[in-house]
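Before any comments, here is the structure.
The values are calculated or read from the model by the stated rules, or taken from the named source; none is laboratory data. Remember, it's a predicted structure, so these values are computed and weren't measured experimentally. For neighbour counting, all protein chains shown are included, and Cβ atoms are generated from backbone atoms with ideal geometry for every residue, glycine included. Areas reflect the complete protein model, heavy atoms only, side chains present, ligands, DNA and RNA absent. Shrake-Rupley method; radii C 1.70, N 1.55, O 1.52, S 1.80 Å.
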Amino acid sequence: MLGILVALPMLDIYATLRLAEALNVPGWALFVPGVIFGVTIFKRETRNLRSRFAAAMQSMTLRPIVFDSGRRLLAALLLLAPGFLSDVFALFLLLIPSRAVAQPATVTASGPRTMDGEFRRVE
C-alpha cells in the first residue's frame, strides 16, 4: 500500500514533465497554476464551510452540504499535489454540479428570530 502511495505521485510528476517537454514549456509552468488554484479553492472552501454547515444543521439537510464541501476540498488537495493527471482529476471533481445550495444563517438587526404560536397555562 505504501508503494502505491509513493509510486502514483512519482508517475504523475514524470508524466507532467514529459508533457511539458512535449509542449516545449518549462516543467514548473504546469505545476504552478494548479498550486495557485488549489490554494485559492482550499481557502475559500474552509472559510465558507462553517456557515454552510451551520445552515445545514438548522435545515437538517447535512448530506448534500458535506458531500459538496468534501468534494471541493478533495479537489483542492489534488490540485496542490504535483502533477498534471491529479489536476485533471481535480477539475473533473469540480465540474460535478452541486446537489444543494444552503444559504448561511443570518442574524437580522431587529434581534433574534421569533416564532408565532399559542400557549395555555395549565395549573
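Over the Cα atoms of the chain, Rg to Rh with Kirkwood Rh, two decimal places?
1.26
Apply 1/(1 + (r/R0)^6) to the Cβ-Cβ distance of GLU123 and GLN58, taking R0 = 41 Å, and write down the FRET efficiency to the nearest 0.05.
0.75
For the chain, which DSSP H helices look membrane-span-like by this rule: Cα extent along the axis of 18 Å or more and mean Kyte-Doolittle of at least 0.5?
Helix filter hits for the chain: 2-23, 62-80.
When ligands, DNA and RNA are left out and all protein chains stay put, how many square angstrom of accessible area per residue does the chain have with a 1.4 Å probe?
Computed with neighbouring chains in place, this is 79 Å² per residue.
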